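Following: one structure in structure tokens, then a few remarks.
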Amino acid sequence: MTTFVDRVELHVAAGNGGHGCASVHREKFKPLGGPDGGNGGRGGDVILVVDQSVTTLLDYHHSPHRKATNGKPGEGGNRSGKDGQDLILPVPDGTVVLDKNGDVLADLVGHGTSYVAAEGGRGGLGNAALASARRKAPGFALLGEPGRSGDIVLELKTVADVALVGYPSAGKSSLISVLSAAKPKIADYPFTTLVPNLGVVTAGSTVYTIADVPGLIPGASQGRGLGLEFLRHVERCSVLVHVLDTATAESDRDPVTDLDTIEEELRQYGGLDNRPRIVVLNKVDVPDGKDLAEMIRPDLEARGHRVFEVSAVAHIGLKELSFALAEIVSQARAAKPKEEATRIVIRPKAVDDAGFTVTKEEDGLYRVRGEKPERWVRQTDFNNDEAVGYLADRLNRLGVEDQLVKAGARAGDGVAIGPEENAVVFDWEPTMMAGAEMLGRRGEDHRLEAPRPAAQRRKDRDAERDEADREFNDFDPF
């Protein structure tokens, strides 16, 4: 059964915004007291947060679909809908967020670091919020905006100070088990380690973490063995430790050749050339291993490597190795630039930036792209003529009509607002520039102007009496 997963594809969907409410206040003797529709609630976000207690992406491997809750719709009586609840997804320290194309969206390092993977939709405005001096009683409300959704890829890159690399069965798991409290699986066959193991080592006043990476073989950088799956776990390490088996039973291998092979795989993987190296000649408790270590040590030191002869079984040379690693880790930490507080960068919009673009496509269609026009279209109820007219007014005030004229659009030309896969297409009519006169004066409720039935009946009776009085006064019997 899989217990460790370091790469998953996750489908995230934020919550949709709640629809606004179109309502008219009513009470006794005041049946039309003005608009009182509340706003819709905002949809919940999907947020990735680093949690130190999480060490694997296994939960998302079993449940790859995650969705935040929707916002509630507004109600009458100026009652706004409740916002949707954000969905918090804990991820391990060192998780990299990528899109489907492999581009990095976020690198989450450090407890509490967060990233909004999908943003919730805005709630629609109710007719009370849309009322103005010109539009005293709107008979419509804005729809809630759909939440963002899409697929992302999560990759875990182990955050450790030291990485142990080498051939399978070189003794890496045994070494990490005696240097730290880690308890990896240890056996006398290749590829015993199938997942990275982490351990914490204390050397004097320095505390550092050490990772045991599954064994590498020739071609690991191209996907052979387990190398391609786990080479990413050495990217963040400050120092690489080559664990060489001096007592290997394979006649066609020797420690120097193993070192050259692993170095070639690291070079092809890329990005690790500047990491300091330490060479560990393991299994010197075996007589043949001790002799071989003494033979090749001068050659390795001539290459500039620091060499340590150790035995994980007999606990030989472990203290010297531990303190040497602590020294390198301390130097690497001191060389790192100090973390600065997050700076707030304000990027004002350019003076000539209209916030949208109008382009003419090959088929003669004029396409409008921009955050505001596309959002306004998504929030419009096209079953309501008054709402459509309100959209026309907003687009006109934004300057879309003027840009269409400059682009050469004429009455009857096709205009699309939004991307190709989800656009609203209509035949453009210049009369929209004046506010869609065919819809009448938007925002006016003629029910407010019309007399109430009882008052109308009284007026009718008064008019009948006045007419009767005039006929009586005009009557002359002589």
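The values are calculated or read from the model by the stated rules, or taken from the named source; none is laboratory data. Values in this document were obtained by computation on a predicted structure and should not be read as measured data. Side chains are part of the model used for accessible areas, which takes the heavy atoms of the whole protein and leaves out ligands, DNA and RNA. Shrake-Rupley method; radii C 1.70, N 1.55, O 1.52, S 1.80 Å.
In order along region 68-81, the Karplus-derived 3J(HN,Hα) couplings, from 6.51 cos²θ - 1.76 cosθ + 1.60 at θ = phi - 60°, round to 7, 7, 7, x, 7, x, x, 10, x, x, 6, 9, 7, x Hz, and Gly and Pro are given as x. On the accessible surface of region 1-130, probed at 1.4 Å, how many percent belong to carbon and sulfur atoms? That share works out to 49 percent. With the biggest extent put first, the Cα atoms of region 232-276 measure 34, 18, 16 Å across the principal axes. If both residues of a DSSP beta bridge must be in region 18-157, then about 75% of such bridges are antiparallel.
The 3J(HN,Hα) values that the Karplus relation (6.51, -1.76, 1.60; θ = phi - 60°) gives for region 199-206 are, in residue order, x, 10, 10, 10, 10, x, 8, 9 Hz. Gly and Pro appear as x. Accessible surface comparison of Y167, Y366, probe 1.4 Å, protein chains only, largest first: the order is Y167, Y366. Max-minus-min Cα coordinates of region 70-131 on each principal axis give 49, 25, 15 Å, with the largest extent listed first. Does region 234-337 come out rounded, prolate or oblate, given a ≥ b ≥ c as the square roots of the eigenvalues of its C-alpha gyration tensor, rounded meaning a/c under 1.5 and, failing that, prolate meaning a/b above b/c? Here region 234-337 falls in the oblate category.
Phi-derived couplings, Karplus 6.51 cos²θ - 1.76 cosθ + 1.60 at θ = phi - 60°, listed residue by residue for region 35-49: x, 9, x, x, 7, x, x, 7, x, x, 8, 9, 10, 8, 10 Hz, with x used for Gly and Pro. Solvent-accessible surface of protein heavy atoms, probed at 1.4 angstrom with all chains present, puts H305, H25, H61, H233 in the order H61, H25, H305, H233, largest first. Across region 132-180, the convex hull enclosing all Cα atoms gives 209 Å³ per residue. Compactness check for region 1-80: Cα Rg over 2.2 N^0.38 Å is 1.85.
Amide H contacts of G84: R42, G43, G44, G71, K72, each under 5 Å away and 5 or more positions distant or on a separate chain (H built 1.01 Å from N in the peptide plane; Pro and chain starts excluded). Of all beta bridges that DSSP places with both ends in region 1-91, some 25 percent have antiparallel geometry. Checking the Cα-Cα distances for K100/K336; K172/K319; K172/K290 against a 25 Å cut-off, the pairs over it are K100/K336.
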